[in-house]
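Nothing in this text is a laboratory measurement; each read-out follows from the coordinates by a stated rule. Note that the coordinates shown come from a computational prediction; the quantities given were computed from them, not determined experimentally. Note that we place each Cβ from the backbone using ideal geometry, even for glycine, and neighbour counts take in every protein chain shown.
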Ligand SMILES: Cc1cc2nc3c(=O)[nH]c(=O)nc-3n(C[C@H](O)[C@H](O)[C@H](O)COP(=O)(O)O)c2cc1C
């Protein structure tokens, strides 16, 4: 059974909601899903002033990344790229990089933006670059998830990965839609399936 980490950062809960849907998809595929977040970095006063959501989800350690067959990263966009909280976490993976610990594991990314064209694709693709440096096999959200072709409503989702729109720089009233959550579940299932196949072929894995 593939073991998949859904690792996220979320200030206002949109990515946290998407992460739960990604994990559902992983479990639908018969794999084990672990959901964890990366540590907050902004001062408590800033988090409070900005209305950040309290999130009791367990915090991941960098070394444990090597324990998973796949890591699915969720990050809101910050100026068109991943949040510093996620980058800070990944920047501590130098030891894993040096030991080739993540080579051949599956990596995948989903995101959230405040606006429709605020950097959904740039955030995912630039985060995928980090995964490629770590030697991971990058998996997106294939067009077999037909929901990304919808034109009858505003929706996230692209071949790069699932996404949602939060509406504005703060929390925003918009929450992930049914279609966006379907995309997240699809990505979770898709990654878990591929991770299972690769894990079975990896030397030293029963
Ligand atoms: C400092 C900062 C920079 C942001 N930059 C962008 C941006 O470049 N494009 C955009 O559409 N939204 C931007 N946003 C909005 C966030 O992406 C949005 O709040 C987030 O996707 C909501 O996800 P969350 O609820 O999981 O935190 C920014 C927000 C902050 C606080």
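Of all residues in segment 31-51, which are touching a helix residue (DSSP H, G or I) at 6+ places or on another chain (Cβ under 6 Å) and either assigned to a loop (DSSP other than H, G, I, E, B) or touching a residue at least 40 places away in the same chain (Cβ under 8 Å) (or both)?
Listed by number, the residues that qualify are 31, 33, 38, 41.
So how many residues does segment 119-141 have that are part of a loop (DSSP other than H, G, I, E, B) and within 14 Å of the ligand (Cβ to nearest atom)? Spell out the reasoning first.
Start the filter on segment 119-141 by keeping residues that are part of a loop (DSSP other than H, G, I, E, B), which leaves 119, 134-136, 139-141.
Imposing the further condition that a residue be within 14 Å of the ligand (Cβ to nearest atom) reduces the set to 119.
Total meeting the criteria: 1.
Every residue in segment 162-179 that is touching a residue at least 12 places away in the same chain (Cβ under 8 Å) and within 12 Å of the ligand (Cβ to nearest atom), please.
163, 164, 165, 166, 167, 168, 169, 170, 171, 172, 175, 176
Residue-by-condition table, conditions (1) closer than 24 Å to residue 182 by Cα; (2) part of a helix (DSSP H, G or I):
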{"residue": "7", "(1), (2)": "yes, no"}
{"residue": "11", "(1), (2)": "yes, no"}
{"residue": "26", "(1), (2)": "yes, yes"}
{"residue": "53", "(1), (2)": "yes, no"}
{"residue": "64", "(1), (2)": "no, yes"}
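Report, by residue number, each residue of segment 66-106 that is over 16 Å from residue 38 (Cα atoms) and in a strand (DSSP E or B).
70, 81, 106
Looking only at segment 101-130, filter to residues that are touching a residue at least 60 places away in the same chain (Cβ under 8 Å) and closer than 29 Å to residue 200 by Cβ; which one of those is surrounded by the fewest Cβ atoms within 10 Å (Cβ to Cβ)?
Here is the first cut: in segment 101-130, the residues touching a residue at least 60 places away in the same chain (Cβ under 8 Å) are 104-106, 108, 110-112.
Checking the rest, the ones that are also closer than 29 Å to residue 200 by Cβ come to 104-106, 108, 110.
On the way: 104: 14, 105: 25, 106: 27, 108: 31, 110: 33.
Here the residue is 104.
Pick from segment 144-156 the residues that are in a helix (DSSP H, G or I) and out of contact with any helix residue (DSSP H, G or I) (no Cβ under 8 Å at 6 or more places or on another chain): which of them is farthest from the ligand (Cβ to nearest atom)?
Here the answer is 146.
Give the residue that is farthest from the chain's Cα centre (by Cα), with candidates limited to residues of segment 157-195 that are part of a loop (DSSP other than H, G, I, E, B) and within 13 Å of residue 22 (Cβ to Cβ).
Only one residue tops the list, namely 176.
Determine whether residue 48 is surrounded by fewer than 15 Cβ atoms within 10 Å (Cβ to Cβ) and within 16 Å of the ligand (Cβ to nearest atom).
Here the answer is yes, as residue 48 does meet what is asked.
Can you pull out every residue in segment 131-143 that is farther than 22 Å from residue 13 by Cα, surrounded by 14 or more Cβ atoms within 10 Å (Cβ to Cβ) and touching a helix residue (DSSP H, G or I) at 6+ places or on another chain (Cβ under 7 Å)?
134, 137, 138, 139
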